[in-house]
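Inspection log for the structure reproduced underneath, given as structure tokens.
The values are calculated or read from the model by the stated rules, or taken from the named source; none is laboratory data. These numbers come from a predicted model, not from an experiment. Virtual Cβ from ideal backbone geometry, glycine too; neighbours counted across all protein chains shown.
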Amino acid sequence: MKRRASSPALRGFTLLELVVASSLSLIVLAAALWSAAELQRRGTFEESLMEAQNTLRAVREMLVVELQRAGMGVGSARMVFGRQGAAADDVRYAINVSPEERFDGTGAFPADPTFAPPTGSYADRISDVLQVWSWDSEAMNGTNPIGMVPLTLCTHAANASDLYRSGNELCASTVPVGLRDRLVMVVKPETRIACVMRVTAVNQDASAPYARIVVSPGITEGLASNNNPCKSLAAGQRPNDGTQDYWGADRSGGFILLMRGSAFRVNWKTGTPVLERRDISSVVNPAPAAQWVTLSHDVEMIRLRLGVMEDLKLPKSPVLWFPNAAPLRPHLEQCTGTACDLLVPGGWTADPSNPSNAPTARDALMSRVRMVQVQVITRTARLDSSLIRKDASGEYLRDADNHPQDGYKRRSSTLEIMPRNFALAGVLQ
């Protein structure tokens, strides 16, 4: 019997051919999977970067609104909040910046165990804290707004013909409804001082056409200010140190305004940056639960500078920024003692006999603030390990913008804001 030769058309693949084909298929499949994974990684990272950019835009808009509202009702006047124990007066301003605040009791805020500054490679990323104060023009008593309460002369006092206050009582031309248990600031147009107080009672005087508003000076620790303009004076009493009395220094009257405050900080307590905000309402009894609320996990740092106008008579006058590297100028909050006496445009000399004059160079400079520069830096929520760069010691290398090359992508924005209300209590010389 003859065996038929197999036809070439029916011949199969050899083992070697199958191995080569399988290897090539695996290489192609691996390349395809790697490309798909890379595209997904890039897409996720770009999405995270877009979220950081959106956060940057939202934070900018929020800070612009807050800073433009700052000083409504009080302008650039110094605000006396009372005393911190036996220390000097707690003086703040409608725009108050605490540089590199650590909340350990050494800055403008008391110690706070819920806060931690950045450490290690991020130690230089500590933020400034912004605090903003203004008139709470939207406060309501039920369905009725609580507006501006004008002061009037307290004619019931023995020798109070030029006083708007008798002891711890302020006299108002109308009976303010809803003012009790509120945080207020007392402002007089002829001065650059705002006395921060708490209203404890409102009484209608049957023998006089006005209301008598009982106040407690200061809110820091409930202690009256050491500064004569805001300290508690007995009826008819005058300071015995030669200074004028804030309450009787002029006949322009004054106003009682409800006040509100807000603050912004970047907290590293969890090991990553968290932007937090704290709102302080005018309600003080019961004490408001003014807690820090999380706004974003994308904001890494906020830095602020205050711009002092060199000549307030010139609309395009040069702006002197505080702080500044060259020429060297410190933060305005660090202008203590005589450190900034020579930095006040036009010179500065103390005049304790005039309650309208700024008692320190810091006050004189703050009265000229007309610009605020805000730098906000956001970073992606996710990191890309391929972007990490370290030196031999294990520290992150820095990029051209001095950001650590730690795998996060960052976006930075710097804007200059002109507060709308800060010129109300300024100077013109």
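Here are the numbers for the structure shown:
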| read-out | value |
| --- | --- |
| Elements of type strands (runs of 3 or more DSSP E) contained in the stretch 85-180, each with 2 or more residues being modelled with pLDDT of 85 or more and either surrounded by fewer than 19 Cβ atoms within 10 Å (Cβ to Cβ) or under 19 Å from the mean Cα position of the chain (by Cα) (or both) | 89-92, 95-98, 129-135 |
| Test: residue in the stretch 364-372 that is in a loop (DSSP other than H, G, I, E, B) and not aliphatic (A, V, I, L, M) | yes |
| Any chance residue 46 is in a helix (DSSP H, G or I), modelled with pLDDT under 80 and not hydroxyl-bearing (Ser, Thr, Tyr) | yes |
| Single unsatisfied condition, residue 80 versus (1) under 26 Å from residue 225 (Cα atoms); (2) in contact with a Leu (Cβ under 9 Å, 6 or more places away or on another chain); (3) at pLDDT below 90; (4) of a type in the set (Val, Ile, Thr) | (2) |
| Residue within the stretch 380-394 that is at pLDDT 90 or above and within 22 Å of residue 306 (Cα to Cα) present | no |
| Answer from 118, 150, 176 - the residue that is closer than 30 Å to residue 412 by Cβ and in contact (Cβ under 8 Å) with a residue 24 or more places away in the chain | 118 |
| Scan of the stretch 323-336 for residues that are touching a residue at least 24 places away in the same chain (Cβ under 8 Å) and assigned to a loop (DSSP other than H, G, I, E, B), ordered by number | 323, 331, 335, 336 |
| Selection count where residues are among the small types (Gly, Ala, Ser) and within 17 Å of residue 259 (Cα to Cα), scope the stretch 79-109 | 2 |
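Table: residues versus (1) closer than 21 Å to residue 279 by Cα; (2) not aliphatic (A, V, I, L, M).
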site: 141; (1), (2): yes, yes
site: 153; (1), (2): no, no
site: 179; (1), (2): yes, no
site: 187; (1), (2): no, no
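Rundown of residues vs (1) in a loop (DSSP other than H, G, I, E, B); (2) more than 16 Å from the chain's Cα centre (by Cα); (3) among the aromatic types (Phe, Trp, Tyr), yes/no style:
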position	(1), (2), (3)
264	no, no, yes
271	yes, yes, no
291	yes, no, no
295	no, no, no
302	no, no, no
315	yes, yes, no
321	no, yes, yes
338	yes, yes, no
